[in-house]
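Participant: To start, I am sharing the structure in question, which I have written as structure tokens.
All of the numbers you see were taken from the coordinates with simple rules; none came from a lab. This one's a predicted model, so the numbers in the text were calculated from it and none came from an experiment. Cβ: placed from backbone, ideal geometry, glycine included. Neighbour counts: every protein chain shown.
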Amino acid sequence: MADSIPFPELSCYLLPGHTTTPADAIAEAQQAESLGLGKVWLSERFDVKDAGVICSAALAVTRNLRVATAATNLHTRHPMVLATMCASLHYLSGGRFELGLARGIGIRNQLMGLDGVSNSHMIEGLELLRSLWRGEKVMGHDGAMGNLPYLSMGDWMNATIPIHFVGFGPRSLRFAGAHFDGVHLHTFITDAGLRKAKALVEEGAVQAGRDPGDVKIYSVLATALNPDREDYLRKFVARMATYMQAPGYAELLIALNDWDPAVLEAFRANETVASMPGGIDSVASLEQLEEISALIPEEWLPAASGSAQECAAAWRNQLDNGADGVVIHGSTPSEFAPVLEAYRA
């Protein structure tokens, strides 16, 4: 199947960001497949972006395209419900579904009345899912995933579904290398950060007695073809500024990329930033973004930007620095289509 896909190493998001029109995912998936991409990713939101529904729609209207979550969470569904959703998508599509899991956002977990997801919680959940997909019975389980007297999907079940870790913290990357099939990284990781991430994943795999080559690395690269000033501010500055607003979030990027934490401190102390009533990418005016752009060093915004040839070279550079696949971020298939021709050349 992969031989008939022109760009199996390239992928993009379905319904990037907020949407009120989830049916757009149908055309987006079809367009991604027609352009020759190997995969699309869905970042689940608790409004109209349910992972099972949107992935099912995308798989139903495509023939070769792989569809993955990036991400849903381990603990927002009962383990039997999550296992059933994934197995259904797997058999519906002839094995084209992949599961991407993240720990979840701390404050949202609290508001939903959910505990956080620890490493031991994650390991337990992975073992339960894989056991059920192998047709095994789970009996008398009592742990972080709950009190589960008896779970079974049937002896006939034999589904091998790749599971990716969606995250980028240095300690989490070692953990992912030990337990997952792939790692889906984050926007605005430098070349050095990407190489470091790969080394951390490989270290975790080796320590667990696994072949590091079995754990695939997917870099996420913001892409804008010939952006004007507003595109630059909206797609790059506003996105990074919103990450920098979140306590504990940008710190992980700084640790991975070896950036200066003083830049983040100055950013958060800025009067305009501190007065924002919400996420900067949602509420800031262009004038405010211009001011904020002066607070973010250019090297903190690694991306594919410029001509089609320059963007294609940036995609290629991710592969040269250790990524197995590139996730095109911030552009729709129609917007990045010209880059594919340059990439092909």
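Participant: What net charge is computed for the residues neighbouring G167, neighbours being all others with C-beta under 12 Å from the C-beta of G167, Lys and Arg scored +1, Asp and Glu -1?
Facilitator: +3
Participant: For the chain, with only Lys/Arg (+1) and Asp/Glu (-1) charged at the beta-carbon, what is the dipole magnitude about the Cα centre, in debye rounded to 20? Please report the intermediate quantities before stating the final value.
Facilitator: On the way: 26 positive and 40 negative charges, 185 e Å.
Result for the chain is approximately 880 debye, rounded to the nearest 20.
Participant: Add -39500 (n - 2.57) for each DSSP H run of 4 or more in the chain, then divide by its residues: what number comes out at 222 nm, to the nearest 500 deg cm²/dmol?
Facilitator: Here the helix-only value at 222 nm equals -13000 deg cm²/dmol.
Participant: Hey, another quick one. Can you give me the long-range amide H partners of G143? Hydrogens built in the peptide plane at 1.01 Å from N, cutoff under 5 Å, separation of 5 or more residues or another chain.
Facilitator: Result for G143 returns L148.
Participant: Also, quick follow-up: In the Gaussian network model of the chain, springs joining C-alpha atoms below 10 Å, which of V206, V327, V117 carries the largest mean-square fluctuation?
Facilitator: V206
Participant: Give me the net charge of A250's neighbourhood, meaning all other residues with Cβ under 11 Å from the Cβ of A250; Lys, Arg count +1, Asp, Glu -1. Walk me through the numbers before you get to the answer.
Facilitator: On the way: positive: R268; negative: E251, E265.
In short, -1.
Participant: Under 17 Å from a point placed 7 Å out from the Cα of Q31 along the Cα-to-Cβ direction: which residues of the stretch 318-345 have their backbone N that close?
Facilitator: Correct set: 328-341.
Participant: What is the antiparallel percent of DSSP beta bridges lying wholly in the stretch 1-150, to the nearest 5?
Facilitator: Taking every DSSP beta bridge within the stretch 1-150, about 30 percent pair in antiparallel fashion.
Participant: While we're looking at this one, here's another question. Using 0.36 nm times the number of residues separating Q309 and L111, minus their current alpha carbon distance, what extension gain do you get?
Facilitator: Values: separation 198, 0.36 × 198 = 71.28 nm, distance 4.54 nm.
66.7 nm is the gain from fully extending Q309 to L111.
Participant: Taking amide hydrogens as modeled 1.01 Å from N in the peptide plane, which residues meet the under 5 Å criterion relative to G306, leaving out close sequence neighbours?
Facilitator: So G306 has HN proximity to A224, N226.
Participant: Which whole-number percentage describes the relative contact order of the chain, with Cα contacts under 8 Å and a sequence gap of 6 or more?
Facilitator: 16 percent
Participant: From the C-alpha gyration tensor of the chain, pull out the three semi-axes of the equivalent ellipsoid (sqrt of 5λ each), sorted largest to smallest, in whole Å.
Facilitator: 32, 24, 20
Participant: Say R0 is 41 Å: what FRET efficiency, to the nearest 0.05, do D324 and V61 get from their beta-carbon distance?
Facilitator: 0.95
Participant: OK, next. Lysine pairs, Cα distance under 29 Å, 8 or more residues apart or cross-chain: how many in the chain?
Facilitator: 12
Participant: Where does each of 156-164, 312-320, 143-151 land if you order them by average Cβ count within 10 Å, highest first?
Facilitator: 312-320, 156-164, 143-151
Participant: Over the chain, what is the percentage of antiparallel beta bridges among all DSSP beta bridges, to the nearest 5? Can you show the working numbers first?
Facilitator: Numbers: 6 of 39 bridges.
Counting only bridges with both partners in the chain, antiparallel ones make up about 15 percent.
Participant: I've got another one for you. So if I take the centroid of the Cα atoms in the stretch 87-154 and the same for the stretch 1-60, what is the distance between those two points in Å?
Facilitator: A separation of 23 Å, based on Cα centres.
Participant: Identify which of A294, A323, A222 has the largest mean-square fluctuation in a Gaussian network model of the chain, with springs joining Cα atoms closer than 10 Å.
Facilitator: Evaluated over the chain, the most mobile residue of the options is A294.
Participant: Now for a different question. Name the residue from T20, L59, F46 whose Cα lies farthest towards the positive end of the charge dipole of the stretch 1-119, charges +1 on Cβ of Lys and Arg and -1 on Cβ of Asp and Glu.
Facilitator: Toward the positive end, the furthest listed residue is F46.
Participant: Among L101, H78, G113, flag the residue with its Cα farthest along the positive direction of the charge dipole of the stretch 51-116, charges on Cβ as +1 for Lys/Arg and -1 for Asp/Glu.
Facilitator: L101
Participant: Charges only on Cβ, +1 for Lys and Arg, -1 for Asp and Glu: so what's the dipole of the stretch 32-73 about the Cα centre, in debye to the nearest 20? Kindly include the intermediate steps, with their values, before the conclusion.
Facilitator: Values: 5 positive and 4 negative charges, 31 e Å.
Dipole magnitude for the stretch 32-73 comes out near 140 debye.
Participant: Most exposed first by the Cβ proxy, i.e. fewest other Cβ within 10 Å, how do T20, T242, T69 rank?
Facilitator: Details: T20 7, T242 19, T69 27.
Ranked by crowding around the Cβ, least crowded first: T20, T242, T69.
Participant: Let me ask you something else. So which trypsin sites (Lys or Arg not before Pro) in the stretch 59-101 end up in coil per DSSP with only 14 or fewer other C-beta atoms within 10 Å?
Facilitator: On the way: sites: R63, R66, R77, R96; in loops: R63, R77, R96.
Answer in residue order: R63.
Participant: Enumerate the amide H contacts of T62 below 5 Å, restricted to partners 5 or more residues apart or on another chain; note that Pro and chain-start residues carry no placed amide H.
Facilitator: none
Participant: Using a simple charge model, +1 on the beta-carbon of Lys and Arg, -1 on the beta-carbon of Asp and Glu, nothing else, what dipole does the stretch 95-220 show about its Cα centre, in debye to the nearest 20?
Facilitator: For the stretch 95-220, the charge dipole is close to 340 debye.
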